[in-house]
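Working notes, beginning with the structure itself.
The values are calculated or read from the model by the stated rules, or taken from the named source; none is laboratory data. Just so it is clear, the structure is predicted and the values come from calculations on it, not from any experiment. Cβ: placed from backbone, ideal geometry, glycine included. Neighbour counts: every protein chain shown. Just so you know, the surface numbers come from the protein's heavy atoms only, side chains and all, with ligands and any DNA or RNA stripped out. Shrake-Rupley method; radii C 1.70, N 1.55, O 1.52, S 1.80 Å.
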Amino acid sequence: MIQENKNQSSFGMIGLGTMGSNLLQNIADHGYNCSGYDNDPKKVDTLNNLSRNDIHAYSDLKAFVENLKSPKTVMMLVPAGKIVDAVIGELLEVLDKGDIIIDGGNSHFTDTERRFADLEKKGYHFVGMGVSGGEEGARKGPSMMPGGDKNAYETIKPVLEKIAAHVNGEPTVAYMGERSAGHFVKMVHNGIEYALMQLISETYEVMKKGLQMDDKEIYEVFKKWNDGRLKSYLIEITRDIFAYKKKGEDHLFFNDIKDEAKAKGTGKWTSQAAMDLTVPVPIIDIAVSMRDLSKYKDLRTKASQMYPDPKEIKFTDKKGEYIAQLEEAFYFAMVSAYAQGMHLLYSANEEFKYDLNLDLIAKIWRGGCIIRSEFLEDIYAAYKKDSKLKHLFLDDSVHKNLLKSISGIRTVVSDAALHGIAVPAFAVALSYFDNFRNEEMPANLIQAQRDFFGSHTYELRGKEGVFHTDWEDGGN
């Protein structure tokens, strides 16, 4: 365990941007002397100007490390990629074997896998840790997903449990599993985040265009939803966005923002990993694709002139009744987003031998993180009841609720298609479900086609073995 020492710091942070600075202050607030390092003198000065006796910032790496109590614990909050490797290289020149290095950024899990093996050989303890909650979470209590060296985790566990968010008195941090498990879990968290944000934007589009509601009416819907079963951080901030006006202005500020969504890559990584593991996560895939499509503003503008909207877009005059259907549709698609993410985690655990506990993952996602929601209590309960549950759709409670919501999503998807409104995330959530429950998919035709043009072979019903047919002889 890390012990308090009046003369030295118990915890070191490299990278004193907003996240690093906030997390360091959070740690200090809980009784630990801390040190920070950054090669930007302005960030060092900003932290030192807080005039706290329990935080010291440095622009000299050696002086920073010398102020840490052994075994030294150093956490990096720097951009993913080559910068992480560069910082690790510099640290190895000043740290001792047995010291602990934590990567708290959004590193790709394959990089974490490589770094863990390399540092283990060299005698250092390495923890790859996903951190969620944004700037506010870092300051007041994030959700953290550490993986890698378990002994190192036990050493830093008291600090992490104190600074994490707490739900029902329990910290939203736990050891995820072996090697790169922490960063893999965080990657999937972000993939689910992409999907939920896409669903919320499509919900807004349906209300704005399909129901022709004004911003005030839309605000009231999100406000009501956040008071019910859809309560979540993302619905909460969406509600607040629909109320935010700059001082002196009478219109919502978000309407001034260009409709071009950026991304940092974690959603794409989730899709890529899922494809490598042959796990379907179409709602995450489409969320990534729609962000990409949003960047082609010039093409979309030209196409909008060539292919204008239908003359009649309005779904119905009965807004209240339709909002109830839309709420059911959102619930259904939200469940699908979480279910696909959890299925990916289940499959990754089988492939990579991470020793993940899905109930524990759901448990620490209930607070502090961006995808925290009321529904995570249901996910936690499902995997707590059955730790070997292969897919969330097979849970009894989820099954009952999906059956109640199915008519809502069928209504919304069909109306949107009829009136020319794009709801790709809703649509793939529905199609994924309909094929998931489809005992006889049309994939047999695909196998026949593959065998026809490429002699790729196929298997037969009720017959052992692999077969090939010479399709061009007509079969007679």
Counting only DSSP beta bridges fully inside the chain, the antiparallel percentage to nearest 5 is 35
Over the chain, the sum of -39500 (n - 2.57) across DSSP H runs of at least four, divided by residue number and rounded to 500 deg cm²/dmol, gives at 222 nm -17000 deg cm²/dmol
Output for the range 227-294: GluC sites (Glu not before Pro) sitting in coil per DSSP, at most 10 other Cβ within 10 Å, listed by number, reads 249
One finds the C-alpha centres of the range 437-466 and the range 271-342 to be spaced, in Å, by 31
The size of the Cβ-based charge dipole (Lys, Arg +1; Asp, Glu -1) of the chain about the Cα centre, to the nearest 20 debye, is 900
Measure of exposure for residue 419: accessible area at 1.4 Å probe, Å² rounded to 10, is 30
For the range 307-447, averaging the sequence separation of alpha carbon pairs under 8 Å that lie six or more residues apart and dividing by its residue count, the contact order in percent is 34
Output ordering of 70-78, 374-382, 119-127, 182-190 (per-residue mean of other Cβ within 10 Å, highest first) is 182-190, 70-78, 374-382, 119-127
Residue 463 and residue 231 label points (each 7 Å along its Cα→Cβ direction) are spaced in nm at 5.8
Expressed to one decimal in nm², the mean projection of the alpha carbon convex hull of the chain is 29.2
Between residue 76 and residues 5 or more places away or on another chain, the pairs with built amide H atoms under 5 Å apart involve 14, 102, 103, 104
Heavy-atom accessible area with a 1.4 angstrom probe orders 247, 268, most exposed first, as 247, 268
For residue 369, other-chain or 5+-apart residues with amide H closer than 5 Å (H placed, Pro excluded) are 143
When every protein chain stays in place and a 1.4 Å probe is rolled, 347, 201 sorted by accessible area with the largest first are 201, 347
Heavy-atom accessible area of residue 59, protein chains in place, probe 1.4 angstrom, given in Å² to nearest 10, is 80
Relative contact order of the range 186-436 (C-alpha contacts under 8 Å, at least 6 apart) in percent is 29
Within the under-12-Å Cβ sphere about residue 409, not counting residue 409, Lys/Arg +1 and Asp/Glu -1 give a net charge of -3
Note on the range 11-175: contact order normalised by length, alpha-carbon pairs under 8 Å, 6 or more apart, percent, works out to 19
Here the range 361-369 yields Karplus 3J(HN,Hα) values (6.51, -1.76, 1.60; θ = phi - 60°; whole Hz; Gly and Pro given as x) of 5, 4, 4, 7, 7, 6, x, x, 9
Taking a probe of 1.4 Å and leaving out DNA, RNA and ligands, the range 11-175 shows per residue an accessible area in Å² of 41
Phi-derived 3J(HN,Hα) across the range 247-258 with the Karplus relation (6.51, -1.76, 1.60, θ = phi - 60°), rounded Hz, x for Gly and Pro, is 4, x, 10, 10, 10, 5, 5, 4, 5, 8, 7, 5
Check: C-alpha center the range 215-255 vs C-alpha center the range 75-139, spacing in Å is 37
Checked against a 20 Å limit on the C-alpha separation, the offending pairs among 264/363; 231/404; 157/385 are 264/363; 157/385
The answer for the chain, counting only DSSP H helices whose Cα atoms cover 24 angstrom or more along the axis and whose Kyte-Doolittle average is -1.0 or greater, is 181-205, 319-352, 396-419
Under 5 Å from the placed amide H of residue 9, counting only residues 5+ away or on other chains, we find 68, 69
In the range 11-175 the DSSP beta bridges are antiparallel at a rate, in percent to nearest 5, of 30
Sorting 30, 468 on solvent-accessible surface, 1.4 Å probe, most exposed first, gives 468, 30
For residue 350, the accessible surface traced by a 1.4 Å probe with all protein chains present amounts, in square angstrom to the nearest 10, to 110
Between residue 473 and residue 440, Cβ-based FRET efficiency (R0 45 Å, step 0.05) works out to 0.95
In the chain the accessible area split gives carbon plus sulfur, as whole percent at 1.4 Å, a share of 50
